[in-house]
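Heads up, the thing below is written out as structure tokens.
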Amino acid sequence: MAVYCPYFPFYFVLSRRPGPENVPGMLEQTREFLNPSPSLADDIKSCLERGALSDAVSSLTTLHPSDQVSVLLQLDQDMRTLLYSGLTHEAAGKLLDHMDADDGADLIRRADPVLMALWLDKTGAATAAQVLRRLPIPVAKEVIEAMSQADTVVQLLEHGDDTAGGIMTPELVAFKEWTSAAEALAWLRNSHPDPKTMDRLFVVDMWNRLTGVVAISDLVVAEPGAPLRELMDPEVVYVAPGTGQDECARLMRRYDLPSLPVTDESGTLLGAILLREVMGAVESKAAKDMYRLAGLSEPERIMTPLAASVRNRLPWLLLNLVTVGMGAVVISLFESTIAKIVIAAAFIPVVASQGGVGGAQTITLMVRGLALGDIEFSDFRKALTKELALGLVNGLVLGLVVGLVVLTWKGSVVLGLALGLAMLGNMVLAGVSGVFVPLGLRLFRIDPALASMVFVSTITDVCGFLFFLGLVALLLPLLS
């Protein structure tokens with residue numbers, strides 16, 4: 001979008017300086033803009049409780065859409081739905097553009113499909129596709145049939161949610177190679193395309209195959225009659241529709257790209273991934289990985305309905321119960337040993353706990369590295385060697401510390417030796433399993449963030465018990 005500004009007012013704005021007396025007021029206004037009053041959600045809730053929907057909507061729409069989302073998420077589901085239904089179709093669509101797709105789907109899923117179509121038509125095609133993927137299939141079909149931008153959205157739905165084709169924006173600015181700089185600028189002035197898609201202009205040939213990109217700044221200062229083929233940069237980084245979103249994020253970060261074009265096998269330009277879209281997708285995946293590492297299969301909030309929380313948490317708790325049971329079985333094998341050396345039972349959690357923490361540290365780094373593309377299968381040996389060495393160093397230090405503590409506390413060299421050796425062995429095992437497990441899960445196409453912690457914690461618990469109690473049983477004659 002071109003904006004004309006006369007020189008004098010432009011200079012005046014730049015040369016104007018706020019006086020000292022205005023600075024506190026300016027800072028206060030900035031704070032209010034960036035941090036809307038925490039009580040605003042309570043005020044809106046009060047309006048809704050007394051039936052003043054129009055007042056609640058008026059209060060909400062004074063905020064930036066991102067802040068509107070923050071306020072909405074502080075309300076319960078019924079109030080959230082009621083408040084959202086009071087917005088205009090355009091405001092409702094803009095709000096979805098600033099909202100996580102899971103939250104957006106939860107917000108509109110109770111509405112009539114025709115109304116949902118009106119809202120989604122006011123959003124970007126990428127946002128609409130992401131929301132539709134999270135709706136029940138019969139409902140999504142009804143919504144698509146009622147949408148005016150259905151053809152564009154259906155094209156996106158053909159690709160996975162975590163791929164370039166699934167998060168790209170089809171609405172972009174592209175010109176033919178022979179278009180002159182003056183013609184391109186005239187078209188931009190008259191057509192007013194979405195500014196978010198104009199960080200740079202794509203250039204295509206007569207078959208719509210991507211051949212280069214032109215920066216807006218280069219276009220403005222170019223000779224009016226210069227064709228874009230002379231202004232464009234032919235070195236373009238692009239991806240196929242099936243490229244994973246993590247790889248897209250890695251490329252955009254590596255090459256500092258504001259947008260990333262998506263082409264088919266023949267090079268035909270299909271769309272572009274905007275920085276906002278890929279960052280939103282990566283943040284959403286990071287949040288899901290965090291939930292999964294905590295044993296939650298899907299995002300959940302403290303106000304999530306009880307039934308949904310039970311479905312989300314109970315399966316993982318049952319699985320954890322099985323793994324804990326395996327540890328109990330190992331301990332039961334050494335009942336006679338524990339009966340003779342009762343104090344040994346007090347140190348069992350020490351070995352298992354330290355191994356679990358060490359394994360969690362390695363898993364966190366491995367999962368993050370796999371997600372960002374920093375670690376590949378070819379890096380297996382290097383990662384294993386490093387974590388093995390780290391486990392040895394940490395194990396020796398921790399084993400020496402706990403051994404000295406036991407020696408000082410109980411005066412038993414042998415018990416301290418058993419505990420120190422068990423700590424060393426479990427820390428080494430934690431590092432090794434922290435590398436093996438995520439890579440193994442990725443090899444079998446299982447999300448490492450979903451199951452790594454369960455496997456590694458089971459390994460360190462069971463083997464920690466086995467190392468310590470086995471050593472105590474082996475050295476029992478020296479303890480008597």
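Just so you know, all these numbers are worked out from the coordinates, no wet-lab data involved. Since this is a predicted model, take the numbers as computed values, not measurements. Note that we place each Cβ from the backbone using ideal geometry, even for glycine, and neighbour counts take in every protein chain shown.
At q = 0.12 Å⁻¹, work out log10 I(q)/I(0) for region 369-423 with the Debye formula, treating every Cα as an identical point scatterer and leaving solvent out; two decimals please.
Result of the Debye calculation: -0.44.
Going through region 359-453, which trypsin sites (Lys or Arg not before Pro) have at most 15 other Cβ atoms within 10 Å and a DSSP loop state? Each step should come with its number before you reach the end.
Numbers: sites: 368, 381, 382, 386, 410, 442, 445; in loops: 445.
Answer by residue number: 445.
Report the label-to-label distance for residue 178 and residue 85 in nanometres (one decimal), using points 7 Å from each Cα along the Cα→Cβ vector.
5.6
So for region 224-265, Kirkwood radius off the Cα pairs, Stokes-Einstein at 25 °C and 0.890 mPa s: how many µm² s⁻¹?
Values: Rh = 11.9 Å.
For the chosen part, D equals 206 µm²/s.
Which loop chymotrypsin sites (Phe, Trp or Tyr not before Pro) in region 420-480, with loop taken from DSSP, have no more than 15 other Cβ atoms within 10 angstrom of their Cβ?
Answer by residue number: 444.
Where does each of 187, 207 land when they are ranked from fewest to most other beta-carbon atoms within 10 angstrom?
Numbers: 187 13, 207 8.
In increasing order of surrounding Cβ atoms, one gets 207, 187.
Quick check of the Kirkwood formula: for region 32-162, what is the inverse mean of 1/r over all pairs of different Cα atoms, in Å?
Details: mean 1/r = 0.0663 Å⁻¹.
It works out to 15.1 Å.
Assign one of three labels to region 309-367, namely rounded, prolate or oblate, based on the Cα gyration tensor with a ≥ b ≥ c the square roots of its eigenvalues; rounded applies when a/c is under 1.5, prolate when it is not and a/b is larger than b/c, and oblate otherwise.
Note, shape of region 309-367 comes out oblate.
What FRET efficiency comes out for residue 311 versus residue 255 if R0 is 30 angstrom and r is the Cβ-Cβ distance? Round to the nearest 0.05.
0.10
Kirkwood Rh over alpha-carbon pairs of region 74-137, then Stokes-Einstein at 25 °C and 0.890 mPa s: what D in µm² s⁻¹, rounded to an integer?
214
According to the square roots a ≥ b ≥ c of the eigenvalues of the Cα gyration tensor, what is the shape class of region 306-479, taking rounded for a/c under 1.5, prolate for a/b larger than b/c otherwise, and oblate for the remainder?
Numbers: a/c = 2.69, a/b = 1.49, b/c = 1.81.
The shape class here is oblate.
Mind listing the Cα extents of region 74-233 along all three principal axes, in Å, largest one first?
58, 28, 25
What list do you get for 46, 266, 433 if you sort them by fewest beta carbons within 10 Å?
Starting with the residue having the fewest Cβ neighbours, the order is 266, 46, 433.
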